[in-house]
Amino acid sequence: MASEMPLPNNPTMSPLGTSNDSDMLGGNNGAAMDRRFERVVSSAHEAVDTAAESVQQAAEKLRTQAQRFSDLEQQAADAARVRIRESPLAYIGGALLLGVLIGRMSR
């Protein structure tokens, strides 16, 4: 039969033989724990703020790039309209020729 381990008589020891929580956390000095906790919380807040700022900067760069591409697209479309209006028959003939070539290649 297995013998049972006697419980310690020390009030700071738990039934498993380990120190209680207040001893493990540096004694009964709760103020020191509060300061440590505040430092950890403050560091976590700073890290989150830094990450949020980085994300905002990246989003702004993406918005700027998207606007540039939109502007380039508009300029290209405007230039194409001007050229087609200058010589519409040449573009109609080119489109017809391209259609015939694609049709022959797909047979």
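FYI, it's all coordinate maths here, none of it is from the lab. Remember, predicted model here, so these are calculated numbers, not experimental data. We place every Cβ from the backbone using ideal geometry, glycine too, and count neighbours over all the protein chains shown.
Structural remarks
- Sub-9 Å Cβ pairs linking a first residue in the range 33-50 that is on the phi > 0 side of the Ramachandran plot to a second residue that is assigned to a helix (DSSP H, G or I) and loosely packed, with under 10 Cβ neighbours inside 10 Å, at least 6 apart or interchain, number zero.
- Positions within the range 58-104 being polar (S, T, N, Q) and either under 25 Å from the mean Cα position of the chain (by Cα) or outside any helix (DSSP H, G or I) (or both), in sequence order: Thr64, Gln65, Gln67, Ser70, Ser87
- Filtered by the rule that a residue be of a type outside the set (Gly, Ala, Ser) and surrounded by 10 or more Cβ atoms within 10 Å (Cβ to Cβ), the range 85-95 gives Pro88, Tyr91, Ile92.
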